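Read through the structure below, which is laid out as structure tokens, and then see the notes.
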Ligand code: PBG
Ligand code: ZN
């Protein structure tokens, strides 16, 4: 493109007023593109604050249904559900229990006629007593024996009424295993949102407190991605697409915008980005101290994630963002 030079070129002309800036805006985020993560716990009438995530709660099923009513009224696209089960075991059987905590929450939402897209996270770490995302063999997270269990969890969540299942365990072959299980389980129409490029990130800290899902020993670096690698993320995404993923996700979001951008350029499928708990906590904490403007920082970060190429943004700011976005 041939651009004139100063003084003919004056880029400030379109920045002069609010109305001009609005007209020239390249990225517009709408509440419908946001998914709000929610934590569901046993009990009734409970809204238990999550200390490291001010403004976020562990909700009993009834409170979750009420919260979803509020989110829907604000035009939010949907929710991503995580569960705190009554008990845990070595295999994480709570993940596929017909009466599991997330299964119950989904059924309650469907009964209430919620218009939200209900995304069910598919992983074992909230349900295993050791806190790893797969089953252990000789102290290591065993890939192939975990696949069957993830498939069972996905079928159980879809049967409860989940609109989308979102595998986050980072096991090789998990998307194929889940696709096969869904198809054989009579759920060929349930889409898979794959946590394709999920990094072994320090920004998951507050989530692990919220979901009580920290590994009791070791860490997740043997299955989640190594933060320095971006080309490998594209291979993960291509593999998940080949296995049948319908939506690809990058997680965390802001520290990995380069990965998101490269994915946008390479793949024509819907892309999601997850602004994780630590990203939320940083803005919330600095906002509480008056060191940063919470709303402005949240808005800028969400806009940056959309500008980098995300079609869907998963964010703990979803509810409040609905207000400033509309
Ligand atoms: C579990 C899972 C995690 C998150 C989403 N699913 C934590 C982890 O991998 O340890 C993190 C989300 C967040 O930090 O907000 N597989
Ligand atoms: Zn997990």
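The values are calculated or read from the model by the stated rules, or taken from the named source; none is laboratory data. Keep in mind it's a predicted model, so treat the numbers as computed, not measured. Positions of Cβ are generated from backbone atoms using ideal geometry, with glycine treated the same way; all protein chains shown enter the neighbour counts.
Report every pair of residues separated by at least 6 positions or lying on different chains whose Cβ atoms are under 8 Å apart, first residue within the range 219-232 and within 13 Å of residue 250 (Cβ to Cβ), second in a loop (DSSP other than H, G, I, E, B).
What qualifies is 224/170; 224/200; 224/201; 225/170; 225/200; 227/200; 227/201; 232/226.
For the structure I just gave you, tell me whether residue 104 is under 16 Å from residue 39 (Cβ atoms) and in contact (Cβ under 8 Å) with a residue 40 or more places away in the chain.
yes
Within the range 258-272, is there a residue that is within 16 Å of ligand 2 (Cβ to nearest atom), modelled with pLDDT of 95 or more and in contact with a helix residue (DSSP H, G or I) (Cβ under 9 Å, 6 or more places away or on another chain)?
Within the range 258-272, none of the residues are within 16 Å of ligand 2 (Cβ to nearest atom), modelled with pLDDT of 95 or more and in contact with a helix residue (DSSP H, G or I) (Cβ under 9 Å, 6 or more places away or on another chain).
Among the residues of the range 85-126, write down those that are surrounded by fewer than 21 Cβ atoms within 10 Å (Cβ to Cβ) and within 22 Å of residue 274 (Cα to Cα).
115, 116, 117
Of the numbered conditions (1) within 15 Å of ligand 1 (Cβ to nearest atom); (2) over 20 Å from the mean Cα position of the chain (by Cα); (3) more than 24 Å from residue 105 (Cβ to Cβ), residue 184 fails exactly one; give the number of that condition.
Exception for residue 184: condition (1).
Residue 221 fails exactly one of the following numbered conditions: (1) surrounded by 23 or more Cβ atoms within 10 Å (Cβ to Cβ); (2) within 16 Å of ligand 2 (Cβ to nearest atom); (3) over 15 Å from the mean Cα position of the chain (by Cα). What is the number of that condition?
Result: residue 221 passes all but (1).
Does at least one position in the range 209-217 carry a residue that is closer than 28 Å to residue 316 by Cα, part of a helix (DSSP H, G or I), over 15 Å from the mean Cα position of the chain (by Cα) and within 14 Å of ligand 2 (Cβ to nearest atom)?
So far as the range 209-217 goes, no, none of its residues is closer than 28 Å to residue 316 by Cα, part of a helix (DSSP H, G or I), over 15 Å from the mean Cα position of the chain (by Cα) and within 14 Å of ligand 2 (Cβ to nearest atom).
Limited to the range 8-30, what total is found for residues that are in a helix (DSSP H, G or I) and either under 29 Å from residue 272 (Cβ atoms) or touching a helix residue (DSSP H, G or I) at 6+ places or on another chain (Cβ under 9 Å) (or both)?
Number of matching residues: 7.
Within the set of pairs 6 or more residues apart or between chains, which connect a residue that is at positive phi and in a helix (DSSP H, G or I) inside the range 155-171 to a residue that is at pLDDT 95 or above and away from ligand 1 (no atom under 14 Å from the Cβ) with Cβ atoms less than 6 Å apart?
Hits for this filter: zero, empty list.
Among the listed residues 112, 72, identify the single one that is touching a residue at least 24 places away in the same chain (Cβ under 8 Å) and either under 19 Å from the mean Cα position of the chain (by Cα) or under 13 Å from residue 162 (Cβ atoms) (or both).
72
(1) within 23 Å of residue 96 (Cα to Cα); (2) within 16 Å of ligand 2 (Cβ to nearest atom); (3) part of a loop (DSSP other than H, G, I, E, B): which one isn't true of residue 187, the others all being true?
Unmet for residue 187, out of (1) within 23 Å of residue 96 (Cα to Cα); (2) within 16 Å of ligand 2 (Cβ to nearest atom); (3) part of a loop (DSSP other than H, G, I, E, B): (2).
So in the range 259-280, with the set limited to residues that are farther than 17 Å from residue 303 by Cβ and part of a helix (DSSP H, G or I), which one is farthest from ligand 1 (Cβ to nearest atom)?
Selected residue: 265.
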